[in-house]
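Here is the structure we will look at, set down as structure tokens.
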């Protein structure tokens, strides 16, 4: 039988021993790992997402209505005053003083050609003029002598001191000297004209700006040959650069011949550059070019811009709206909202379109109206200014990330 001390020892708690691990805690840890992985994947999917799709968009426009647009068209900015600046003579470029984007004024020197040949021709013409002037001076002196001799012979003949033949010889000499003087005077005039031509040849080696504008292209470098005519293949330049008068910029658009009747001269126009969609430029129709393009069934219309600035450059794309002048007694008519037909597709028997909104594709259900040229009337589902995605990819869904495809 155990003693009381041994029984009390068995009841004592030993605090130095570590309790065995709980199996339940290990199962909790192992079960939490897959949940943590699922959470990380969900967060990555939410914030990283799939790569953005590149798309092209077209603006939703409004036509019609009193004082509103009666016709929309697209075109390009063109310059009525543009020139490839060249020399009047063929020569080797000595120095070019221009760069792209440089503003120049009328008469400003743009480049120099090698003047060695022109200087030599000018020096030769000066020498020829000096020789002709010397011969003229000699002829004038000989004429004065001949006139004095004739006068003396005439006095002697009156006194019967010389024969009549001597008087005739003196008169002939005087007339011959006078004729020679006239010939030499004309020779001096010819030499002076030749010197002017030679001086013009020297001046032609200096290329100047024909009008005030901006250099948009630099085409020649020192050492290259330049010619006002196209010759010698690709080894000879036809100009040193292209100069554009920025004050002569206008817009040219091609209007479908079915709608050209809506356009009249002096008609107010609102132009919007593709590069600056928030800048509405007032303009007006200059003229309707009286010819049509058979292949495109369009008529060209020239439009004058009433505002100019450094942001407007040639060949920029522009969208114009031909405006109807508001009439006080006109009855207001509702405007039509139009979108390009290639921005609409059918799904489940209804028309839909995708709109690019803050980098996401937004699906819109449309109520469609009549077809207007390449556009379709939208009665509901879109608003003016929306950027509708054209030729949307087949797999595009609402909320997909999209980016604007760069122009090629």
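Here is a yes/no grid of residues against (1) more than 29 Å from residue 387 (Cα to Cα); (2) in a strand (DSSP E or B):
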{"site": "250", "(1), (2)": "no, yes"}
{"site": "255", "(1), (2)": "no, yes"}
{"site": "270", "(1), (2)": "no, yes"}
{"site": "275", "(1), (2)": "no, no"}
{"site": "281", "(1), (2)": "no, yes"}
{"site": "286", "(1), (2)": "yes, yes"}
{"site": "290", "(1), (2)": "yes, yes"}
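In a residue-by-residue description of the stretch 112-124, the property of being in a helix (DSSP H, G or I), buried (at least 16 other Cβ atoms within 10 Å of the Cβ) and either touching a strand residue (DSSP E or B) at 6+ places or on another chain (Cβ under 9 Å) or at pLDDT below 85 (or both) applies to at least one position. Across the stretch 382-394, which residue is nearest to residue 296 (Cα to Cα) among those that are surrounded by 16 or more Cβ atoms within 10 Å (Cβ to Cβ) and out of contact with any helix residue (DSSP H, G or I) (no Cβ under 8 Å at 6 or more places or on another chain)? The extreme case among them is 387. Go through the residues of the stretch 212-234 one by one and say whether even a single one is part of a helix (DSSP H, G or I), free of Cβ contacts under 8 Å to residues at least 12 places away in the same chain and either surrounded by fewer than 16 Cβ atoms within 10 Å (Cβ to Cβ) or touching a helix residue (DSSP H, G or I) at 6+ places or on another chain (Cβ under 6 Å) (or both). Looking through the stretch 212-234, at least one residue is part of a helix (DSSP H, G or I), free of Cβ contacts under 8 Å to residues at least 12 places away in the same chain and either surrounded by fewer than 16 Cβ atoms within 10 Å (Cβ to Cβ) or touching a helix residue (DSSP H, G or I) at 6+ places or on another chain (Cβ under 6 Å) (or both).
Does the stretch 386-408 hold any residues that are in a strand (DSSP E or B) and under 13 Å from residue 52 (Cβ atoms), and which are they? So that I can check it myself, show each step before the final result.
Pass one, the stretch 386-408, residues in a strand (DSSP E or B): 387-390, 401-404.
Of everything in the stretch 386-408, those that are in a strand (DSSP E or B) and under 13 Å from residue 52 (Cβ atoms) turn out to be 389, 401, 402, 403, 404.
Against the numbered list (1) part of a helix (DSSP H, G or I); (2) modelled with pLDDT of 90 or more; (3) farther than 30 Å from residue 135 by Cβ, residue 194 comes up short only at (3).
Among the residues of the stretch 174-203, which ones are out of contact with any helix residue (DSSP H, G or I) (no Cβ under 7 Å at 6 or more places or on another chain) and over 30 Å from residue 115 (Cα atoms)? Can you show your working first?
Filtering the stretch 174-203 down to residues out of contact with any helix residue (DSSP H, G or I) (no Cβ under 7 Å at 6 or more places or on another chain) leaves 175-176, 179, 182-183, 186, 189-190, 193, 196-197, 200, 203.
Of everything in the stretch 174-203, those that are out of contact with any helix residue (DSSP H, G or I) (no Cβ under 7 Å at 6 or more places or on another chain) and over 30 Å from residue 115 (Cα atoms) turn out to be 175, 176, 179, 182, 183.
Per the conditions (1) surrounded by fewer than 18 Cβ atoms within 10 Å (Cβ to Cβ); (2) farther than 30 Å from residue 382 by Cα; (3) at pLDDT 90 or above; (4) not assigned by TED's automatic domain parsing to the domain that holds residue 190, the sole criterion not satisfied by residue 74 is (2).
Conditions (1) modelled with pLDDT under 90; (2) surrounded by 12 or more Cβ atoms within 10 Å (Cβ to Cβ); (3) closer than 15 Å to residue 72 by Cα, marked per residue:
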{"site": "280", "(1), (2), (3)": "yes, yes, yes"}
{"site": "284", "(1), (2), (3)": "no, yes, yes"}
{"site": "291", "(1), (2), (3)": "no, no, no"}
{"site": "300", "(1), (2), (3)": "no, yes, yes"}
{"site": "304", "(1), (2), (3)": "no, yes, no"}
{"site": "316", "(1), (2), (3)": "no, yes, no"}
{"site": "319", "(1), (2), (3)": "no, yes, yes"}
{"site": "323", "(1), (2), (3)": "yes, yes, yes"}
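Whether any residue in the stretch 370-381 is farther than 25 Å from residue 297 by Cβ, outside any strand (DSSP E or B) and touching a strand residue (DSSP E or B) at 6+ places or on another chain (Cβ under 6 Å) is what I want to check. The answer is yes, given that some residue of the stretch 370-381 is farther than 25 Å from residue 297 by Cβ, outside any strand (DSSP E or B) and touching a strand residue (DSSP E or B) at 6+ places or on another chain (Cβ under 6 Å).
Within the stretch 137-152, residues that are over 12 Å from residue 181 (Cβ atoms) reach partners that are surrounded by 14 or more Cβ atoms within 10 Å (Cβ to Cβ) with beta carbons closer than 7 Å, at six or more positions or on different chains, in the pairs 149/170; 149/173; 150/170; 150/171; 150/174. Within the bounds of the stretch 270-277, is there any residue that is over 26 Å from residue 99 (Cα atoms), loosely packed, with under 13 Cβ neighbours inside 10 Å and touching a helix residue (DSSP H, G or I) at 6+ places or on another chain (Cβ under 8 Å)? No.
The values are calculated or read from the model by the stated rules, or taken from the named source; none is laboratory data. It should be emphasised that the depicted structure is a prediction, and the values quoted were computed from it without experimental measurement. Don't worry about glycine lacking a Cβ; one is built from the backbone with ideal geometry, like all the others, and counts go over all protein chains shown.
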